[in-house]
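Asker: One structure is given below, represented as C-alpha cells, and several questions about it will come after.
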Amino acid sequence: MELNALTAISPIDGRYRSKTEPLSGYFSEYALIRYRVRVEIEYFIALCEMPLPQLEGFDHSLFEPLRDVYRQFSETDARRVKEIEQTTNHDVKAVEYFIKEKIDVMAGGRSIDLSTYKEFIHFGLTSQDINNTSVPLSVKEALEEVYYPMVEELIEQLNDYAEQWKNVAMLAKTHGQPASPTRLGKEIMVYVYRLEEQLRSLKDTPITAKFGGATGNLNAHHVAYPQYDWREFANSFVSEKLGLEREQWTTQISNYDWLGAIFDAMRRINTIIIDLDRDFWMYISMEYFKQKIKQGEVGSSAMPHKVNPIDFENSEGNLGIANAVLQFLAQKLPVSRLQRDLTDSTVLRNVGVPMGHALIALQSTLKGLRKLILNEDKLQEDLENTWAVVAEAIQTILRREAYPHPYEALKALTRTNQKMTEETIHAFIQDLAVGDDVKAELMAITPWNYTGM
C-alpha cells in the first residue's frame, strides 16, 4: 500500500494528520535532513568568518546563496540526500556530500575554483556534532512556533472562562463529598495559574547542544590549527548561529540532561491538562455543563440521546501516551555506554511523537471547552440541597465568640442522616446562646455567599 493518512501505522500521521501536520516541518525525516544541512552550512560560513587561512579567499557574497540551500530545501533535495545515503550507508555523511554537490553547481561559470574549499564542509566534526545541534534546534523551534502558542491559546480560553464565571457560586467537592462552596471562575483560574507557572518553567529551561568533535575534546580542530581557541569558537557558533547553549563537557554525544529537563517540563504541563480534562468530564457528568450539539453528529451508535464528553477523553488518552514517551526519553537519553553507544540515535527520531500527541490533546481540550454551555440552575440546585456546608462558617464565628465546643455542636447537627435545609440551620442558630448581632451575622450566611475571597 502507498503511504497516506489511511495506510499510516501511527495515528499521528494517519487519523490525526490534520492536527499534527504543523510538526512535520520539525520532526519528519525531511525536516531532520534540512536541519542537518542548515547546521553544516552555518558551520562552514563560521569557519570562513574566522577566517581560517585556507578559507580567506572564499567569496563572502556566496554566503546567502549557500544559506538558500537550506532555506529553499525541497523534498527533491531530501530525496537526493537519501539517494546518496544508499551508497554511504551514513545519513550525516550523505548530507556532507549533498552540500558539496551544491557547491559544485555554484562554481559553474565562476572565476574562482570553489572545489578547493569543499573539504571544509564538515571539517573536524563527527556526526553527533550535527545531530546534537539539529535535534535540539528542531525542538526549540517547534516549541516556540507550534507548542507554546497552542498552550497559550488554552490558557487564554481558560482565563476568559475564569473571568466570565468568576461570580458563579459552586459546591466544592473534596474527597468526592460536599465541601465549602467555591466559585467556578476561581476553580478554572487554578488551572490558568498552574499552566502559566509550568509554561514559564519550560521556557526558562536551557536548550543545549553538543559540539566538540569525535569525543568532545575538539581533537581534530586542535591538531590542525592549535593556535586557535576552538572552545570559544564552538561556544560562539552554537549560541550566535543556532541560538542554543553549548554543553561544555561531553563525550561524543550530548549529555541530554537539559533535553530531559525539557521533556519533564512538558510532562508536567500535560499532567495538569489531564487533571483539567478529568474535572470538566466530571462537571459535565454532574450536569454543571451541557454541550453544544452539532447537527449530524452521533453520540452513541446505540443510544440516540447521548452527547458524550469525547473531546476531554481524547485529550486525556493522548496526553497519557505523550507522558509515557516523554518519561522514557528523559530517562533513556542521558544514559550511554562509555563515550557513546548508538541507542540514542534511534530514540532521538521519536522526539516529535510526544509533541504530536500533545498537539492532538491540546486541540481536543480546546474543542471540548468551546462546546460547554453553563447550566447554572444545576449549580444553584446543588447548593440549595447542601446547606450543611455553611457549618464551617458558623463554627468559625462561634470560635471567635468563645462559644463552648462550637465544632462539636455543628458536628452533632450535621453528621446525621437528616437533610440540612435553610430552616434546619436557622433553627439551630436561633437556639444558640449568643447575642442578636451574632445571630444576624450567622443567619446571613448562605451556600451562595460563603465562597471566600
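Asker: Mind counting the residues in the range 144-155 that are open to solvent by less than 20 Å² (accessible area, probe 1.4 Å) and either on the phi > 0 side of the Ramachandran plot or among the aromatic types (Phe, Trp, Tyr) (or both)?
Answerer: The number of residues fulfilling the criteria is 1.
Asker: List, please: which pairs have Cβ atoms under 7 Å, are six or more places apart or on different chains, and start with a residue in the range 112-134 that is part of a loop (DSSP other than H, G, I, E, B) and end with one that is of a type in the set (A, V, I, L, M, F, W, C) and open to solvent by less than 20 Å² (accessible area, probe 1.4 Å)?
Answerer: Ile121/Phe44; Ile121/Ile99; Phe123/Leu47
Asker: Something else: Being open to solvent by 50 Å² or more (accessible area, probe 1.4 Å) and small (Gly, Ala, Ser) is the filter here; which residues of the range 319-364 pass it?
Answerer: Selection gives Ala324 alone.
Asker: Would you mind stating whether Glu287 is open to solvent by 30 Å² or more (accessible area, probe 1.4 Å) and either within 26 Å of Ser18 (Cα to Cα) or modelled with pLDDT under 95 (or both)?
Answerer: On the way: open to solvent by 30 Å² or more (accessible area, probe 1.4 Å): yes; either within 26 Å of Ser18 (Cα to Cα) or modelled with pLDDT under 95 (or both): no.
Considered against the rule, which asks whether it is open to solvent by 30 Å² or more (accessible area, probe 1.4 Å) and either within 26 Å of Ser18 (Cα to Cα) or modelled with pLDDT under 95 (or both), Glu287 comes out as no.
The rows are residues; the columns are (1) at pLDDT 95 or above; (2) over 14 Å from Ile121 (Cα atoms); (3) touching a Cys at 6+ places or on another chain (Cβ under 6 Å).
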| site | (1), (2), (3) |
| --- | --- |
| Val39 | yes, no, no |
| Glu42 | yes, no, no |
| Gln54 | no, no, no |
| Leu62 | no, yes, no |
| Asp68 | yes, yes, no |
| Gln72 | yes, yes, no |
| Tyr97 | yes, no, no |
| Glu101 | no, no, no |
| Ala107 | no, yes, no |
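Asker: Show the residue pairs meeting these rules: Cβ distance below 7 Å; 6+ apart or different chains; first residue within the range 329-341 and of a type outside the set (A, V, I, L, M); second residue open to solvent by 50 Å² or more (accessible area, probe 1.4 Å) and assigned to a helix (DSSP H, G or I).
Answerer: Close Cβ pairs (under 7 Å, with a partner that is open to solvent by 50 Å² or more (accessible area, probe 1.4 Å) and assigned to a helix (DSSP H, G or I)) amount to Pro334/Asp257.
Asker: Okay, moving on. Give the range 101-143 a look and list any residue that's open to solvent by 20 Å² or more (accessible area, probe 1.4 Å), within 20 Å of Ala220 (Cβ to Cβ) and among the charged types (D, E, K, R), or say none.
Answerer: Lys118, Glu119
Asker: Out of curiosity, is Asp279 among the acidic types (Asp, Glu), closer than 30 Å to Val389 by Cβ and at pLDDT 95 or above? Steps first, answer last, please.
Answerer: On the way: among the acidic types (Asp, Glu): yes; closer than 30 Å to Val389 by Cβ: yes; at pLDDT 95 or above: yes.
Yes: the conditions hold for Asp279.
Asker: Further question on the same structure: When you scan the range 1-77 for helices (runs of 4 or more DSSP H) that lie fully inside it, which ones turn up with 2 or more residues that are of a type outside the set (A, V, I, L, M) and open to solvent by 60 Å² or more (accessible area, probe 1.4 Å)?
Answerer: Details: elements: 17-20, 24-27, 29-49, 63-71.
Where helices (runs of 4 or more DSSP H) fall fully within the range 1-77 and carry at least 2 residues being of a type outside the set (A, V, I, L, M) and open to solvent by 60 Å² or more (accessible area, probe 1.4 Å), they are 17-20, 29-49, 63-71.
Asker: If you take the residues of the range 156-166 that are in contact (Cβ under 8 Å) with a residue 40 or more places away in the chain and crowded, with 18+ Cβ neighbours inside 10 Å, which of them is nearest to Ala361 (Cα to Cα)? Spell out the reasoning first.
Answerer: Quick first cut of the range 156-166, residues in contact (Cβ under 8 Å) with a residue 40 or more places away in the chain only: 157-158, 161, 165.
After this cut, where a residue has to be crowded, with 18+ Cβ neighbours inside 10 Å as well, the list is 158, 161, 165.
Details: Leu158: 15, Tyr161: 19, Trp165: 24 Å.
By that ranking, first place goes to Leu158.
Asker: Does Glu392 count as among the acidic types (Asp, Glu), in a helix (DSSP H, G or I), open to solvent by 70 Å² or more (accessible area, probe 1.4 Å) and farther than 14 Å from Ala179 by Cα?
Answerer: On the way: among the acidic types (Asp, Glu): yes; in a helix (DSSP H, G or I): yes; open to solvent by 70 Å² or more (accessible area, probe 1.4 Å): yes; farther than 14 Å from Ala179 by Cα: no.
So Glu392 does not fit the description; no.
Asker: Scan Ala261, Ala265 and give me the residue that is within 22 Å of Val192 (Cβ to Cβ) and modelled with pLDDT of 95 or more.
Answerer: Details: Ala261 fails: within 22 Å of Val192 (Cβ to Cβ).
The unique qualifying residue is Ala265.
Asker: Related question: Can you tell me which of (1) open to solvent by 20 Å² or more (accessible area, probe 1.4 Å); (2) more than 30 Å from Leu259 (Cβ to Cβ); (3) of a type in the set (Gly, Ala, Ser); (4) modelled with pLDDT of 95 or more is the one Ala302 doesn't meet?
Answerer: Answer for Ala302: the failing condition is (4).
The values are calculated or read from the model by the stated rules, or taken from the named source; none is laboratory data. What you see is a predicted model; the values in this text were computed from it and never measured. With ideal geometry, Cβ positions are generated from the backbone for all residues, glycine too; neighbour counts draw on all protein chains shown. Protein only, heavy atoms only, side chains kept; ligands, DNA and RNA dropped before computing areas. Shrake-Rupley method; radii C 1.70, N 1.55, O 1.52, S 1.80 Å.
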